[in-house]
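Input: a single structure, listed below in structure tokens.
The values are calculated or read from the model by the stated rules, or taken from the named source; none is laboratory data. The structure displayed is predicted, hence computed values, not measured ones. Using ideal geometry, Cβ is built from the backbone for each residue, glycine included, and neighbour counts are taken over all protein chains shown.
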Amino acid sequence: MSSEALTSSEYIKHHLEHLTWGHLPDGGWGIAHSAEQAKQMGFWSFTVDTVLMSFLLGVVFLFIFKKAAAAATAGVPSGLVNFAEWSVEFVEDSVKGSFSGKNTMIAPLALTVFFWIYLMNWMDLIPVDYVPYLAKAMGVPFFKVVPTTDPNATFGMSIGVFILVLYYSVKIKGLGGFIGELTLQPFGKFGLPANLFLEGVNLISKPISLALRLFGNMYAGEMIFILIALLPFWIQWSLSLPWAIFHILIVTLQAFIFMTLTIVYLDMAHQEHH
């Protein structure tokens with residue numbers, strides 16, 4: 001697909017549209033072939049490209065670390081094994097610095113969160129026209145390769161973390177302790193309505209901030225790449241390369257922030273208040 005075949009507005013809209021499957025307005029189930037069709041599908045629709053890319057990148061993550069684990073020996077590590085060991089040590093240091101409780105699940109969860117999001121973010125460095133052009137040649141109307149530019153993906157991950165926070169809050173503190181934390185702090189029993197409001201907002205803001213921070217940064221980065229692609233060819237390379245190099249920092253930083261906040265939120269869930 002080339003930007004010359006469409007107006008600037010149409011070009012941007014096309015690159016921001018997901019491959020959506022759901023109930024078609026004229027009956028039956030299928031793929032939306034326009035933004036209007038996708039919108040009319042409503043809530044019960046699936047962004048197929050997000051689900052597919054998330055799954056494939058999850059498989060890539062598992063394959064890399066499984067291969068590293070199988071190749072590990074008692075000798076001095078090298079290559080992939082060295083990278084895997086460095087990654088595990090990096091995540092373990094992050095957990096030790098932010099998590100004060102005892103839970104053997106936190107480090108594996110943090111490792112998975114960081115590298116899964118990192119791989120999804122990294123897809124933003126693929127030139128914006130390559131995949132849409134290939135998809136069009138195969139008869140697919142839309143295809144986005146960056147799952148973290150879809151709020152469905154970022155909210156899905158943040159809600160998963162939120163469920164774990166609720167689970168461990170109740171498990172560690174007991175149902176009564178968790179409810180007491182929501183209703184009796186910080187103003188005591190006489191400030192129960194204010195306590196519930198403040199603590200409720202604080203609790204609900206965790207998954208929302210996790211999701212929107214990741215989505216907003218990656219969506220903005222993708223938009224800049226799309227805008228650069230609208231410029232003349234000789235200007236594109238002079239702008240896209242510096243932005244891509246800078247974007248590597250954003251890709252890594254956003255994965256690290258999501259992992260760190262996941263660890264911190266779970267640490268708060270493990271803390272007992274008296």
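Name the pairs whose Cβ atoms lie under 9 Å apart, with the first residue in region 68-83 and within 20 Å of LEU111 (Cα to Cα), the second among the hydroxyl-bearing types (Ser, Thr, Tyr) and outside any loop (DSSP other than H, G, I, E, B), and 6 or more positions between them or separate chains?
Hits for this filter: ALA68/SER87.
Could you count how many residues in region 181-201 are surrounded by 12 or more Cβ atoms within 10 Å (Cβ to Cβ) and either closer than 20 Å to GLU272 by Cα or of a type in the set (Ser, Thr, Tyr) (or both)?
Final tally of qualifying residues: 12.
Collect the residues in region 180-192 that are in a helix (DSSP H, G or I) and touching a helix residue (DSSP H, G or I) at 6+ places or on another chain (Cβ under 9 Å), keeping them in residue-number order. Please lay out each step first, then the result.
Taking region 180-192 first, the residues in a helix (DSSP H, G or I) are 180-184, 189-192.
If the condition is that a residue be in a helix (DSSP H, G or I) and touching a helix residue (DSSP H, G or I) at 6+ places or on another chain (Cβ under 9 Å), then GLY180, GLU181, LEU182, THR183, LEU184, LYS189, GLY191, LEU192 are the ones that fit.
Here is a list: VAL165, VAL113, VAL161. Which entry is out of contact with any Leu (no Cβ under 7 Å at 6 or more places or on another chain), assigned to a helix (DSSP H, G or I) and either within 30 Å of MET268 (Cβ to Cβ) or modelled with pLDDT of 90 or more (or both)?
Details: VAL165 fails: out of contact with any Leu (no Cβ under 7 Å at 6 or more places or on another chain); VAL161 fails: out of contact with any Leu (no Cβ under 7 Å at 6 or more places or on another chain).
None of the others qualify; the one that does is VAL113.
Would you confirm whether any residue within region 119-136 is more than 30 Å from SER34 (Cα to Cα) and under 25 Å from the mean Cα position of the chain (by Cα)?
No: zero hits.
Just the residues that are of a type in the set (Ser, Thr, Tyr) and more than 24 Å from ALA211 (Cα to Cα), please, taken from region 163-195.
The answer is THR183, and nothing else.
Only one residue in GLY221, GLY177 is surrounded by 14 or more Cβ atoms within 10 Å (Cβ to Cβ), out of contact with any Ser or Thr (no Cβ under 6 Å at 6 or more places or on another chain), in contact (Cβ under 8 Å) with a residue 40 or more places away in the chain and under 20 Å from THR50 (Cβ atoms). Which one?
Being surrounded by 14 or more Cβ atoms within 10 Å (Cβ to Cβ), out of contact with any Ser or Thr (no Cβ under 6 Å at 6 or more places or on another chain), in contact (Cβ under 8 Å) with a residue 40 or more places away in the chain and under 20 Å from THR50 (Cβ atoms) holds for just one of GLY221, GLY177, which is GLY221.
Which is farther than 21 Å from LYS144 by Cα and either part of a helix (DSSP H, G or I) or within 26 Å of the chain's Cα centre (by Cα) (or both), of VAL88, VAL76?
VAL88
List pairs: first residue in region 242-258 and farther than 14 Å from PHE115 by Cβ and touching a residue at least 12 places away in the same chain (Cβ under 8 Å), second residue acidic (Asp, Glu) and in a helix (DSSP H, G or I) anywhere in the structure, Cβ distance under 7 angstrom, at least six positions apart or on different chains.
HIS247/ASP124
Can you say whether LEU52 is within 22 Å of the chain's Cα centre (by Cα) and surrounded by fewer than 16 Cβ atoms within 10 Å (Cβ to Cβ), as far as the supplied structure shows? First the steps, then the outcome.
On the way: within 22 Å of the chain's Cα centre (by Cα): yes; surrounded by fewer than 16 Cβ atoms within 10 Å (Cβ to Cβ): yes.
It is true that LEU52 is within 22 Å of the chain's Cα centre (by Cα) and surrounded by fewer than 16 Cβ atoms within 10 Å (Cβ to Cβ).
Can you tell me which condition GLU272 does not meet? The list is (1) under 27 Å from GLY101 (Cβ atoms); (2) assigned to a helix (DSSP H, G or I); (3) at pLDDT below 90, and all the others hold.
Just one mismatch for GLU272, condition (2).
Can you pull out the residues in region 17-49 that are outside any loop (DSSP other than H, G, I, E, B) and in contact (Cβ under 8 Å) with a residue 60 or more places away in the chain? Outline the logic, then answer.
Of the residues in region 17-49, the ones outside any loop (DSSP other than H, G, I, E, B) are 20-23, 29-31, 35-40, 45-49.
Scanning region 17-49 gives THR20, ILE31, THR47, ASP49.
Restricting the search to region 137-154, which residues are touching a residue at least 60 places away in the same chain (Cβ under 8 Å) and assigned to a helix (DSSP H, G or I)?
PRO147, THR148, THR149, PRO151, ASN152, ALA153, THR154
Mind counting the residues in region 226-274 that are surrounded by fewer than 12 Cβ atoms within 10 Å (Cβ to Cβ) and within 21 Å of ILE106 (Cβ to Cβ)?
Matching residues across region 226-274 total 2.
Determine, yes or no, whether VAL76 is over 27 Å from GLU10 (Cβ atoms), modelled with pLDDT of 90 or more, of a type in the set (Val, Ile, Thr) and surrounded by fewer than 16 Cβ atoms within 10 Å (Cβ to Cβ).
When the stated conditions are applied, VAL76 does not pass them.
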